[in-house]
Amino acid sequence: MRRKLVVANRKMNGSIPENKVFLKELIAGTEDFSNADFVVCFPHPYLGQAQDILTGTPIAWGGQNMSRYDHGPYTGSVSAKMLVEFGCQYVIIGHSERRGRGHDSDSSVGERFQVAVKAGLKPIFCMGETLEEFEQGLTDLVTIRQLNSLIQQVGIKSLTQGILAYEPVWAIGTGKAASPEHAQSILHFLRGYLILKDPEVGKHISILYGGSLNRGNAVDILSMPDIDGGLVGTASLNTEEFIEICQAANAFMVCDV
Ligand code: PEP
């Protein structure tokens, strides 16, 4: 059974007072939305605050990155175990804003996936093509390369211990979302590829779409059959808009496979 999932990626935004208002409003605004699941990924310093406010609510929280190492001389890094100590259930890995700056390679993202799962976290594995690759018609090739690299490292069966997110780089933070048809066709292709490799994994894996998802396109995108939810950056900074996206996800029936 695949339920819709909406994940807020708050990136490097917020403050203690702002987060408090956001979370209180989010808890109240989503209390009737029991058909979908919601997660907020905060900058690391705010995870304690998320834990204080969200414990006992249906909303989960997570980090936006983590180290592939358990501990040691890695100044500025945060381990999976530390995220778990702050009650995180999720962690975003391989986001294009990190891959693009050279912090994360295909192989180091695979290592993070494994370490996250071992620590009891659900990694949200991001993949997607750049504008140049999109214009050259390379979307399938790039996403499959990223996915295959993960499969080679962690094994196909482990994939369902995490979440996949197709995030075309050209759609992230640009206000230009992929069309619902494009997003659906890529997710259908990725799911089909996984079904060929392992039918159970392909049918059960949760695949999100991310990239300028907003109140105007959420219903059309989230109603697509292979799109199991959304990763939301900019629009998660507007609480009312984010709640509308959650409402859109809640409106669609779970996919019973
Ligand atoms: C993201 O960064 O994961 C994202 C989807 O951002 P935005 O919604 O702003 O495109």
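If you go through region 208-223 and keep only what is surrounded by fewer than 24 Cβ atoms within 10 Å (Cβ to Cβ), within 17 Å of the chain's Cα centre (by Cα) and on the phi < 0 side of the Ramachandran plot, you end up with just Asn214.
In the set Gly233, Gly173, Gly162, Gly229, only one residue is at positive phi, surrounded by 21 or more Cβ atoms within 10 Å (Cβ to Cβ) and touching a residue at least 12 places away in the same chain (Cβ under 8 Å); that residue is Gly229. For region 81-98, give me each residue that is surrounded by fewer than 21 Cβ atoms within 10 Å (Cβ to Cβ) and outside any loop (DSSP other than H, G, I, E, B). Hits for region 81-98 are Lys81, Met82, Val84, Glu85, Glu97, Arg98.
Region 140-249 holds helices (runs of 4 or more DSSP H) entirely within its bounds, and those carrying 2 or more residues that are within 16 Å of the ligand (Cβ to nearest atom) and hydrophobic (A, V, I, L, M, F, W, C) map to 180-197, 218-222.
Values in this text are rule-based calculations from the coordinates and carry no lab data. Here the structure is a predicted model, which means the values were calculated and not measured. In this analysis, Cβ positions are derived from the backbone assuming ideal geometry, glycine residues included, and neighbour counts consider all displayed protein chains.
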